[in-house]
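The values are calculated or read from the model by the stated rules, or taken from the named source; none is laboratory data. Values in this document were obtained by computation on a predicted structure and should not be read as measured data. Here the Cβ is made from the backbone with ideal geometry for all residues, glycine too, and neighbour counts use every protein chain on show.
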Amino acid sequence: MKDLIGVHHVTAITSSAEKIYSFFTFILGLRLVKKTINQDDINTYHLFFADDEGNPGTDVTFFDFQDIQEKNLGSDEIGRIGLRVKDDKAIDYWVKRFNHYGIYYEQPSQLFDRKVLFFEDFDKQQYALFSDENIEGVKPGIPWKKGPVPNDYAIIGLGPIFLRISNVEYVNKVLTEYLDMKHLKNENKYMLYQMGIGGNGASVIVEKSDLPRGRQGFGAVHHVAFRIEDRTELNNWIKKLDKIGARHSGYVDRFYFKSLYTRLYPGILFEFATEGPGFIDDQEDYETLGETLALPPKFREKKAYIENIVRPINTVRSNLDIKKEYNHE
């Protein structure tokens, strides 16, 4: 079997599809590359924010489940979404940007020899923005060319994903023995793991916690997906999960990628997702990614019904002149 390549995407839960679209588009400067539905709950939007082309390793996605309660922050959950920027200077830019837009953040700090900025959105969803300065590993994505953030400071993909864990001995077994990651080092309450060639886009940080078990709701992460090459590799992971006696979903066709789901650690949903085929498809070209409600083929005959129940959200940006925002003094 081949090593996992890195983090493919992270899927979280929002209280408002409209608000998260505005936050990710106009403040974080990530591109909405697909506006579709939760394929297991067609009443729910599934929004994919990524780099300029929707490359794997750059996606943060959101569900807006109807009538969902707020999360209870706790242990045994995916605690924080990592993102990455080019260098330390970019972190300084984001401090000014967050001040300008009134976004909650903590002062930049150092974690595992890299500069990091913790911040939150309107749901108190937790994020960590990591600098790539002096960090080698899985390559970054492409800044959104028509977004509001200058290319030198833009978010260029996913960074380390935080797991808030009560049983660190067991999660170490999951990450090293089952997922073939390497435990690199510890720092205070944090433990750093990496997959593949490493780097910010291929890392997991375990945070030891004595909190009661968390409860999912808006402001929480739903699952994390790891990158694998193709269907052959997905089949290899099915065989491995069968061998260790882990329950799993089996092969799932998500149209934009192929998937496999499992809960190797209680309370945490892991996904394996293939590199392709991707988000540029028969419904949307590069110029109009994310501007219409896009549906996998099996849902298209129900498009009128689905459009009625999920409500319209205007996500057209190709006709907007979005200026790069350089100065937040």
Subject >> Test: residue in segment 253-265 that is more than 22 Å from the chain's Cα centre (by Cα) and surrounded by 13 or more Cβ atoms within 10 Å (Cβ to Cβ) >> reply: no
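Counting just the residues of segment 154-176 that are among the polar types (S, T, N, Q) and surrounded by fewer than 17 Cβ atoms within 10 Å (Cβ to Cβ), which one comes out farthest from Y190 (Cα to Cα)?
T176
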Original post:
Given A246, A273, which one is modelled with pLDDT of 95 or more, part of a loop (DSSP other than H, G, I, E, B), touching a strand residue (DSSP E or B) at 6+ places or on another chain (Cβ under 8 Å) and not polar (S, T, N, Q)?
Top reply: A246
Original post:
basic (K, R), touching a residue at least 40 places away in the same chain (Cβ under 8 Å), closer than 30 Å to E136 by Cα and in contact with a strand residue (DSSP E or B) (Cβ under 6 Å, 6 or more places away or on another chain) - does that describe any residue in segment 83-94?
Top reply: yes
Original post:
Which residues, counting only those in segment 177-191, are in a strand (DSSP E or B) and surrounded by fewer than 20 Cβ atoms within 10 Å (Cβ to Cβ)?
Top reply: K182, H183, L184, K185, N186, E187, Y190
**OP:** Output the residues belonging to segment 95-118 that are part of a helix (DSSP H, G or I) and in contact (Cβ under 8 Å) with a residue 60 or more places away in the chain.
**Re:** K96, R97, N99, H100, Y101
Original post:
Hey, any hits in segment 317-325 for a residue that's in a loop (DSSP other than H, G, I, E, B), exposed (fewer than 13 other Cβ atoms within 10 Å of the Cβ) and touching a helix residue (DSSP H, G or I) at 6+ places or on another chain (Cβ under 8 Å)?
Top reply: yes
